[in-house]
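Enquirer: Here it is, the structure, as structure tokens.
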Amino acid sequence: MSAAKRFYRLPLSLGALGAMAAAAAVVLAFTRLSFEVPPVASLAGACRELLLPNQGLAGAITLAAAAVGMLVLIRAVRSLVRQVAGQRRFLRGLSLLAPTSVAGLAVIRVRSDVPLAFCAGFFGPRIYLSTAAQQMLSAEEMEAVLEHERHHQLRRDPLRLLIARALEDALFFMPVLRRLGERYRALAEIAADEAAVRRTDRGTLAGALLSFGESRSSAFVMGIDPNRVDHLLGRGSRWELPVSVLVGSLLALGALIGIGLASVALTGAGSVNLVMVAARSCMLLMAAMPLFVLLAALSHRRPSLPA
């Protein structure tokens, strides 16, 4: 089993745990919330009170759990939509030619004067190769490049990266996922390089990487990465995960779980009326209104002109 395949399970497991905690927070919160509108007299009486220690705290914690869970869901959907739409825009911007077979592999040719070689597609990934790359690379280098992309295709790496990035974006309170995602992306490239080296040799792959690197284009997919260079040279790449990032992420995850459990403990078998909580909060808003007016006045005050 490759290092990339083993490593992928770590961010996926942490991400799944965070996603389940966020989903549980939403479910618990909404099962404890009541949207029934109380009588007007009850609302008027509640507006004269500040947040009560019991109902106010339970309402605040329940709403916090719901807010965090919904934010996770919204960020996850937004990340998935942006990634899928971004790949579609990128592919639509290319001048695609008829599919063909190169070195025994089915590829989609791209008319471009920039050397390109990449794998795209989430459920049915395909290999794309530019005409410039075909003209620039030797037969051996072409075989190395295609074997590299074929590994990404067989592993469905575009889909794996889609999921990893969505978890990074959604679970914003767990920065460890971004660090782990960056490491997985590097290991995925190294694993593809290993597959290419098994078919050719390190020198041939290094020559192909150099050809892509000399294009000086921000659009090429293959490139010279320090981790890949170290691997090709037989040097082990060093990677460290700061303990503070890991501990902070676990504490944040524990806090989310704690909020959900606290919501259940404080509300018990009852529920928190959302309208009543808002009514109890209105006194605080009215008390803070003069401060808001003062801040607005200060922000719009024009500086005095020098004499």
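The values are calculated or read from the model by the stated rules, or taken from the named source; none is laboratory data. Fair warning: this is a prediction, and the values are worked out from it, not measured in the lab. A quick note on method: Cβ atoms are made from the backbone with ideal geometry, for glycine too, and the neighbour counts reach across all protein chains shown. What goes into the accessible areas is simple: the full protein's heavy atoms, side chains included, and nothing from ligands, DNA or RNA. Shrake-Rupley method; radii C 1.70, N 1.55, O 1.52, S 1.80 Å.
Enquirer: Of the residues in segment 163-182, how many are open to solvent by 20 Å² or more (accessible area, probe 1.4 Å) and either part of a strand (DSSP E or B) or touching a residue at least 40 places away in the same chain (Cβ under 8 Å) (or both)? It would help to see each step written out before you state the result.
Expert: First, pick out the residues of segment 163-182 that are open to solvent by 20 Å² or more (accessible area, probe 1.4 Å): 163, 165, 167, 169, 172-173, 175, 178-179, 182.
Within this subset, residues satisfying the condition of being either part of a strand (DSSP E or B) or touching a residue at least 40 places away in the same chain (Cβ under 8 Å) (or both) are 163, 165, 167, 169, 172-173, 175, 179.
The total comes to 8.
Enquirer: Identify, please: which residue in segment 83-113 is of a type outside the set (A, V, I, L, M, F, W, C) and assigned to a helix (DSSP H, G or I) and is, among those, surrounded by the most Cβ atoms within 10 Å (Cβ to Cβ)? Write out each step before concluding.
Expert: Step one: of segment 83-113, the residues of a type outside the set (A, V, I, L, M, F, W, C) are 83, 86-89, 92-93, 95, 99-101, 104, 109, 111-113.
Subsequent filtering for residues that are assigned to a helix (DSSP H, G or I) retains 83, 86-89, 92.
Working: GLN83: 18, GLY86: 10, GLN87: 15, ARG88: 11, ARG89: 9, ARG92: 8.
Checking each candidate, the answer is GLN83.
Enquirer: Okay, next question. How many residues does segment 199-254 hold that are small (Gly, Ala, Ser), open to solvent by 50 Å² or more (accessible area, probe 1.4 Å), within 30 Å of PHE172 (Cβ to Cβ) and modelled with pLDDT of 65 or more?
Expert: Restricting attention to segment 199-254, the residues satisfying the condition of being small (Gly, Ala, Ser) are 203, 206-208, 211, 213, 215, 217-219, 223, 234, 236-237, 244, 248-249, 252, 254.
When the remaining residues are screened for being open to solvent by 50 Å² or more (accessible area, probe 1.4 Å), the result is 203, 218, 234, 236, 244.
In the following step, the residues that additionally are within 30 Å of PHE172 (Cβ to Cβ) were identified as 218, 244.
With the extra rule that they be modelled with pLDDT of 65 or more, the set shrinks to 244.
Qualifying residue count for the region: 1.
Enquirer: Taking only segment 120-154 into account, find how many residues are closer than 30 Å to GLY15 by Cα, without any contact (Cβ under 8 Å) to a residue 40 or more places away in the chain and not aromatic (Phe, Trp, Tyr).
Expert: So in segment 120-154, the residues closer than 30 Å to GLY15 by Cα come out as 120-127, 148-154.
Now restrict to residues that are without any contact (Cβ under 8 Å) to a residue 40 or more places away in the chain: 120-121, 123-127, 153-154.
In the following step, the residues that additionally are not aromatic (Phe, Trp, Tyr) were identified as 120-121, 124-127, 153-154.
Total satisfying the criteria: 8.
Enquirer: Now for a different question. Can you tell me how many residues within segment 135-159 are open to solvent by 50 Å² or more (accessible area, probe 1.4 Å) and either of a type in the set (Asp, Glu) or in a helix (DSSP H, G or I) (or both)? It would help to see each step written out before you state the result.
Expert: Taking segment 135-159 and keeping what is open to solvent by 50 Å² or more (accessible area, probe 1.4 Å), we get 135-136, 139-140, 143, 150, 153-154, 156.
Checking which are either of a type in the set (Asp, Glu) or in a helix (DSSP H, G or I) (or both) leaves us with 135-136, 139-140, 143, 150, 153-154.
Count: 8.
Enquirer: Say whether the condition of being buried (at least 19 other Cβ atoms within 10 Å of the Cβ) and more than 28 Å from the chain's Cα centre (by Cα) is met by at least one residue in segment 120-130.
Expert: So far as segment 120-130 goes, yes, one or more of its residues are buried (at least 19 other Cβ atoms within 10 Å of the Cβ) and more than 28 Å from the chain's Cα centre (by Cα).
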